[in-house]
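Just so it is clear, none of the values below were taken in a lab; they were calculated from the coordinates. Owing to the predicted nature of the structure, the values given are computational and were not obtained by experimental measurement. Quick reminder, even Gly has a Cβ in these numbers, built from the backbone with ideal geometry, and neighbours come from all protein chains shown.
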Amino acid sequence: MKNRKILLVNPWIEDFAAYDYWLKPVGLLYVASLLKHLGVEVELLDLMNRHNLELRAYTKVPSDKYYGTGKFPYTEIKKPDALIFIPRRYKRYGMPEALFRDKLRKIREDGNIDAAFVTSTLTYWYPGYFDTIRIIKEELGVPIVFGGFFVRNQPRLAMKSGAHIFTKTDLSYLPTYLNNVLGWELPSTNVDWFLDLSPAYELYDNIGYLVLITTLGCPYNCTYCIAHRNWERMKFKPVEKVIEEIERFSQMYQIKDIVFFDDAILINAQNHFKIILKEIIARGLNRKLRFHLPNGIHAKLLTQEISDLLYEANFKTIKLGYETTGKLQQTTGGKVRDEDLIKAAEILRKSGFTHREVSAYIMVNLPEQKEEDVKSAIDVCASVGIDFSLNEFTPIIGTDMWIDLVNKGSLSGLEDPVTLNNSILPYWWKNMSFNQVQNLKEYARIKKRTLEAY
């Protein structure tokens, strides 16, 4: 078989706002590791890597805010036609187009790329994905494979990009797919891409933080979420593999911030996450690294033992999934109740955490949610001394909640995904108005001032 080389591209984000809250294309990095295992040479172009040292020659790069996060460089661009009515500036975030084209031309001159892969995440960011694919076509003229969450969720729309689409979640299907679509002869393998391999961070020249996933899947069935449909069962990466990834990549790039982005990291914690925490402490990693849990851990699963280990292991960010108060807690899946959040806050405070490390996600603009529900959730957080952030609801196509909204006529089911962007919904959707959402944000700002008493 001819030696193959694939260019892997993490595409632009195009939106009214975007922030680098520890965003890394972990799935694409696992694709890279699997391809390398199959004998394919790979090259990475991450258009969203703010820590790419080449950026400063082309644009102003905002400084980090905290723990490696920060604002993306951007270019103002024309809005999609479906968003013309929004009175805000539309932007392309990430690598300037000139640098992107320069790098693609250098690759073309070298003449050894057989195909390009482009990944995707949020569905309403698809204009950025399409623009990325368009420019790769213009500069390279090689077959392009388009995958990731957007493609799985919206395959018909993804086909309009003109790329080949890979709609599977499980990467074990990838070798056969490439052989069938591109006529390659990649060998079969029994390797488990998640359990046996690591995300290929070695492809970067420079990064500012490390994002890892120690589990796949989620056993909860929240009506607004689609995570439980991505995997048939949960998988737990071997502890020794997780620790090896932390040590190897933190040393490789001399970084201090390690981020766990699992959907349900506290599931089976006694046999998995607790052991990871103990190993972090035993190896002294807590004395030189900072750790973060930004993806909304399950409050009812938190124990005093786990909390104490989190504190000793030097966790600096702990986000609790709270969502809302009232009857919606049960109708949206029953993942957390007020008393669960209060108990978790008390446990964390007993360990030594404060509102500077601990906060809760509160959803705004859920169907049938009232302003009082959001204010009540804010009040609960403030009363137990934890911070909070308001996350505006996005109806994810294919979730139980989206299906219910379509059945009730609240959505047609034919909306352009860009109009389902959480920051756009209040402008047109008949639930909470733009002014109501802004009033809730102001209420939250006032309440946050009371946290300094803790």
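Based on alpha-carbon centroids, what's the gap between the range 178-257 and the range 80-151 in Å, whole number please?
23 Å
Which angle between 0 and 90 degrees, to the nearest 10, do you get for helix 239-253 versus the longest principal axis of the chain when only C-alpha atoms count?
Around 70 degrees separate the two axes.
Please give the net charge around residue 211, taking every other residue with its beta carbon less than 13 angstrom from that of residue 211, where Lys and Arg add +1 and Asp and Glu add -1.
Every neighbour counted, the sum reads -4.
Please list the equivalent ellipsoid semi-axes of the range 339-415, computed as the square roots of five times the alpha-carbon gyration tensor eigenvalues, in descending order and whole angstrom.
Taking √(5λ) for each Cα gyration eigenvalue gives 32, 12, 10 Å.
What whole-number value in cubic angstrom gives the convex hull volume per residue for the C-alpha atoms of the range 185-337?
About 138 Å³ per residue, rounded to a whole number.
Charges at C-beta only: +1 for Lys and Arg, -1 for Asp and Glu. How large is the resulting dipole of the chain about its Cα centre, in Debye rounded to 20? Working shown, then result.
Working: 59 positive and 55 negative charges, 128 e Å.
Computed charge dipole of the chain: roughly 620 debye.
With all distinct Cα pairs included, what does the Kirkwood hydrodynamic radius of the range 95-144 come out to in Å, to one decimal, could you say?
11.5 Å
Would you mind checking which residues have amide H under 5 Å from residue 9's amide H? H placed 1.01 Å from N; only 5 or more apart, or other chain.
45, 117, 118, 119
Which net charge results when you count Lys and Arg as +1 and Asp and Glu as -1 among the other residues whose beta-carbon is under 12 Å from that of residue 364?
-1
Stick to Cα atoms and the Kirkwood definition of Rh, then tell me Rg/Rh for the range 101-179.
In the range 101-179, Rg relative to Rh is 0.98.
Just to check, using Stokes-Einstein with a Kirkwood Rh over alpha carbon pairs, what's the diffusion coefficient of the range 364-454 at 37 °C and 0.692 mPa s in µm²/s?
229 µm²/s
If you take the Cα Rg of the range 1-53 and divide it by 2.2 N^0.38 Å, with N the number of residues, what do you get?
On the way: Rg = 13.5 Å, N = 53, 2.2 N^0.38 = 9.9 Å.
In units of the 2.2 N^0.38 Å rule of thumb, it is 1.36.
Which GluC sites (Glu not before Pro) in the range 218-276 sit in a loop by DSSP (not H, G, I, E or B) and have at most 16 other Cβ atoms within 10 Å of their own Cβ?
Hits after loop and neighbour filter: 232.
For the modelled label position 7 Å from the Cα of residue 19 along Cα-to-Cβ, which residues of the range 289-319 have backbone nitrogen atoms closer than 20 Å?
Within reach of a label on residue 19, which here means backbone N under 20 Å from a point 7 Å along Cα→Cβ, the range 289-319 contributes 291-297, 316-319.
Report, as a whole number in µm² per second, the diffusion coefficient that Stokes-Einstein gives for the chain at 37 °C and 0.692 mPa s using the Kirkwood radius over alpha carbon pairs.
Using the Kirkwood radius from Cα pairs, D works out to 141 µm²/s.
Treating only the Cβ atoms of Lys and Arg (+1) and Asp and Glu (-1) as charged, compute the dipole magnitude of the range 370-454 about its Cα centre; round to the nearest 20 debye.
260 debye
With the contact rule set at Cα under 8 Å and sequence spacing of 6 or more, what percent relative contact order holds for the range 5-182?
Values: 283 pairs, mean separation 44.1, N = 178.
With pairs under 8 Å counted, the relative contact order is 25 percent.
Could you calculate, for the range 209-453, the ratio of the Cα radius of gyration to the Kirkwood radius, expressed as Rg to Rh?
Ratio value, two decimals: 0.99.
Multiply the residue separation of residue 383 and residue 220 by 0.36 nm, subtract the distance between their alpha-carbon atoms, and state the gained length in nm to one decimal.
Extra length available between residue 383 and residue 220 comes to 55.9 nm.
Just to confirm the filter: which trypsin sites (Lys or Arg not before Pro) across the range 12-64 are DSSP coil and have at most 13 other Cβ within 10 angstrom of their Cβ? Mind dumping the intermediate values first?
Details: sites: 36, 50, 56, 60; in loops: 50, 60.
Here the sparse-neighbourhood loop sites are 60.
Count the DSSP beta bridges whose two residues both fall in the range 5-182, then state the antiparallel fraction as a percent rounded to the nearest 5.
Here the share of antiparallel DSSP bridges comes out near 40 percent.
Which order do the peptides 144-150, 387-393 take when ranked by the mean count of other beta-carbon atoms within 10 Å per residue, highest first? Present the calculation step by step, with values, prior to reporting the outcome.
Values: 144-150: 23.1, 387-393: 18.6.
Per-residue Cβ counts within 10 Å, averaged per peptide and sorted highest first, yield 144-150, 387-393.
Taking the Cα atoms of the range 227-287 alone, what are Rg (to one decimal) and Dmax (as a whole number) in Å?
12.9, 38
Tally Lys/Arg at +1 and Asp/Glu at -1 over every other residue whose Cβ is under 11 Å from the Cβ of residue 262; what's the total?
+1
Please compute, for the alpha-carbon atoms of the range 5-182, the extent along each of the three principal axes and give them in descending order in Å.
46, 35, 32 Å, listed from the longest principal axis down.
Report the gain in length on full extension from residue 450 to residue 76: 0.36 nm times residue separation, minus Cα-Cα distance, nm rounded to one decimal.
Length gained between residue 450 and residue 76: 130.9 nm.
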